[in-house]
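The values are calculated or read from the model by the stated rules, or taken from the named source; none is laboratory data. Predicted model, so just to flag it, every value in this text is computed and none were measured. Ideal geometry is used to build each Cβ from the backbone, glycine not excepted, and the neighbour counts take in all protein chains shown.
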Amino acid sequence: MLPRTLARSLKREQPCATPLRFATAFSTSSIARLSPLTSVSHSPVFIDKVHEGTIPAFRVLDGEGKLLPDVPAEWREKVQAIPDEVLVKMYRTQAFLPLMDTILSSSQRQGRISFYMTSYGEEGAVVGSAAAWEPNDEVFAQYREVGVLLWRDYPLSSLMAQVFSSVNDEATKGRQMPIHYGSSKHHFHTISSPLGTQIPQGAGAAYALKSTPGRENNCVVVYMGEGATSEGDFHAGLNMASVLGGPSIFFVRNNGFAISTPAAQQYHGDGIAARGPGYGIETVRVDGNDPIAVYLACVEARKRAVEGQKPILIEAMSYRVGHHSTSDDSNAYRSAAAVDSIKKLDSPIFRLRRYLESLPTPLWSTELEESTKAEQRKAIMVEFSKAEKTKKPALAEMFGDVYGGKELERPLKEQKKELKRLIEKWGHSELWKKDLEKFDGGKEAVSRW
Ligand SMILES: Cc1ncc(C[n+]2csc(CCOP(=O)(O)OP(=O)(O)O)c2C)c(N)n1
Ligand SMILES: [Mg+2]
């Protein structure tokens with residue numbers, strides 16, 4: 001309740017004569033609870049950083065895939081203890097991405113799919129992190145993290161079904177743009193286009209996980225780009241996660257760009273990592289193009305998140321080598337020469353390959369590279385062709401599942417009626433006829449509505 005004098009002065013819109021006194025006087029115990037007051041300075045201290053210089057990025061491999069001499073023994077041992085099968089799978093999954101990306105992005109250019117986004121340059125950050133999670137950790141991704149699904153052995157047939165919006169697209173029934181994957185079986189929550197929505201959702205899921213029997217050893221992983229961290233949802237989500245607790249990892253792919261906005265115009269200060277301590281969140285920065293460093297940092301982060309039932313923030317420094325999406329031409333806002341030099345000098349795929357080839361018992365070779373590429377390309381093409389030939393869901397499907405209940409809501413009923421009218425009027429024209437044939441049941445199914 002407001003003090004009577006204040007209530008009166010508010011009513012009269014006049015300043016309050018009596019100074020405000022709060023109900024709880026500052027007793028010693030209440031000061032102790034206000035943690036910033038436990039340390040006092042006698043001249044004002046202004047700060048603009050949380051670390052001397054900049055927060056360092058954890059790195060173990062050089063650009064040539066050699067273990068750096070300054071890596072301390074403890075971490076050198078951790079690098080050497082990574083199982084061979086993890087290293088090989090990490091390499092195979094990373095190498096798969098650009099093969100698939102090239103085929104799918106050129107198929108968009110040929111008009112065979114409507115849209116696509118590549119992972120070029122960020123394969124190490126995505127696959128290196130995916131390898132550190134348990135298969136049933138709940139992933140809330142942004143959109144450039146299909147490597148996590150591939151790591152979890154998401155079938156290529158399902159992936160192509162989503163991209164081609166075919167009847168086999170189980171999660172999104174052909175209603176989402178390509179790359180909006182989702183699979184409850186793979187604990188991968190469906191991608192949403194609006195940036196940042198996955199961040200508070202992930203914080204909420206971590207809070208739920210904390211009190212879900214049987215899930216004590218799982219965590220939530222939320223991926224995002226550095227651009228998405230400018231959304232209010234980032235701040236709301238991190239604050240929720242820090243206050244409510246629950247095992248969560250917020251993994252920021254800092255690839256230097258948010259479409260055409262360079263990171264320098266996105267934030268001022270020491271990147272995204274510097275914000276973690278402000279929320280009381282343990283934070284680490286890692287070289288995102290060093291897949292081994294990413295993997296080890298994520299294993300450690302996961303351990304801390306699960307044991308402490310709390311959030312951890314990771315900022316992985318990388319570079320978006322490709323265009324933002326098939327709707328973008330990055331030559332309009334950055335020089336092709338800069339991109340080429342990064343491609344040549346700082347490739348996560350090359351780094352890991354060289355590391356595997358240089359081991360005392362090499363885990364990779366030119367022969368394996370060639371046979372793997374041929375086998376992967378073939379697998380992609382087989383599923384690509386199957387999905388392209390498969391019908392899209394019946395047009396009636398477009399109206400379902402928006403609201404609960406068996407009956408369609410009035411606006412949807414009207415839209416369905418209008419579509420039927422248009423198809424009956426124009427469905428025989430050459431252009432429409434060809435398109436309608438792609439849908440299960442085609443034009444005939446519509447006439448039965
Ligand atoms: C709320 C919202 N605003 C704007 C957009 C348009 N948009 C889509 S992707 C993108 C850039 C995101 O950049 P970043 O988070 O760094 O991810 P990156 O594409 O670099 O992986 C923008 C502005 C959107 N999808 N949602
Ligand atoms: Mg970005």
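The figures follow:
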| quantity | calculated |
| --- | --- |
| Hits in the range 307-349 - residues which are in a helix (DSSP H, G or I) and acidic (Asp, Glu) | Glu307, Asp340 |
| Of the criteria (1) among the small types (Gly, Ala, Ser); (2) under 19 Å from the mean Cα position of the chain (by Cα); (3) away from ligand 1 (no atom under 16 Å from the Cβ), which one Gly227 fails | (3) |
| The one condition in (1) surrounded by 24 or more Cβ atoms within 10 Å (Cβ to Cβ); (2) under 18 Å from Ala264 (Cα atoms) that Ile314 fails to fulfil | (2) |
| Given (1) touching a residue at least 40 places away in the same chain (Cβ under 8 Å); (2) crowded, with 16+ Cβ neighbours inside 10 Å, number of the condition His180 does not satisfy | (1) |
| Hits in the range 259-289 (condition: over 19 Å from Val221 (Cβ atoms), out of contact with any Phe, Trp or Tyr (no Cβ under 7 Å at 6 or more places or on another chain) and outside any helix (DSSP H, G or I)) | Ile259, Thr261, Pro262, Tyr267, His268, Gly269, Asp270, Gly271, Gly280, Asn289 |
| Residue, farthest from ligand 2 (Cβ to nearest atom), within the range 259-287, restricted to residues that are among the charged types (D, E, K, R) and within 19 Å of Val299 (Cα to Cα) | Glu282 |
| Qualifying residue in the range 209-218 (condition: under 20 Å from the mean Cα position of the chain (by Cα) and more than 13 Å from ligand 1 (Cβ to nearest atom)) | yes |
| From the options Asp329, Asp346, residue that is assigned by TED's automatic domain parsing to the domain that holds Phe164 and either touching a Ser or Thr at 6+ places or on another chain (Cβ under 6 Å) or at pLDDT below 95 (or both) | Asp346 |
| Residue count, the range 249-258 (criterion: in a strand (DSSP E or B) and within 12 Å of ligand 2 (Cβ to nearest atom)) | 5 |
| Selection from the range 101-131 of residues that are more than 15 Å from the chain's Cα centre (by Cα) and closer than 16 Å to Val148 by Cβ | Asp101 |
| Subset of the range 239-271 (residues that are more than 10 Å from ligand 1 (Cβ to nearest atom) and under 15 Å from the mean Cα position of the chain (by Cα)) | Ser248, Ile249, Phe250, Phe251 |
| Pairs with Cβ under 7 Å, 6+ apart, first in the range 339-351 and touching a residue at least 60 places away in the same chain (Cβ under 8 Å) and within 18 Å of Lys66 (Cα to Cα), second in a helix (DSSP H, G or I) and among the acidic types (Asp, Glu) | Pro348/Glu123; Ile349/Glu123 |
| Those residues of the range 259-296 which are free of Cβ contacts under 8 Å to residues at least 60 places away in the same chain and of a type in the set (A, V, I, L, M), in sequence order | Ala263, Ala264, Ile272, Ile281 |
| In the range 54-67, the residues that are within 28 Å of the chain's Cα centre (by Cα) and part of a loop (DSSP other than H, G, I, E, B) | Thr54, Ile55, Pro56, Arg59, Val60, Asp62, Gly63, Glu64, Gly65 |
| Residue in the range 310-347 that is nearest to ligand 2 (Cβ to nearest atom), counting only those that are closer than 30 Å to Pro277 by Cβ and over 18 Å from the mean Cα position of the chain (by Cα) | Ile342 |
| The range 64-102: number of residues that are without any contact (Cβ under 8 Å) to a residue 24 or more places away in the chain and not hydrophobic (A, V, I, L, M, F, W, C) | 10 |
| Selection count where residues are exposed (fewer than 12 other Cβ atoms within 10 Å of the Cβ) and closer than 13 Å to Arg275 by Cβ, scope the range 41-56 | 2 |
| Search result, residues across the range 180-208 that are over 12 Å from the mean Cα position of the chain (by Cα), assigned to a loop (DSSP other than H, G, I, E, B) and within 15 Å of ligand 1 (Cβ to nearest atom) | Pro194 |
| Residue list for the range 357-392, filter: among the hydroxyl-bearing types (Ser, Thr, Tyr), in contact (Cβ under 8 Å) with a residue 40 or more places away in the chain, closer than 30 Å to Gln108 by Cα and assigned to a helix (DSSP H, G or I) | Thr372 |
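A quick yes/no check of all residues on (1) modelled with pLDDT of 95 or more; (2) within 15 Å of ligand 2 (Cβ to nearest atom):
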site: Gly182; (1), (2): yes, no
site: Ser192; (1), (2): yes, no
site: Pro213; (1), (2): yes, no
site: Glu216; (1), (2): no, no
site: Val220; (1), (2): yes, no
site: Glu231; (1), (2): yes, yes
site: Pro247; (1), (2): yes, no
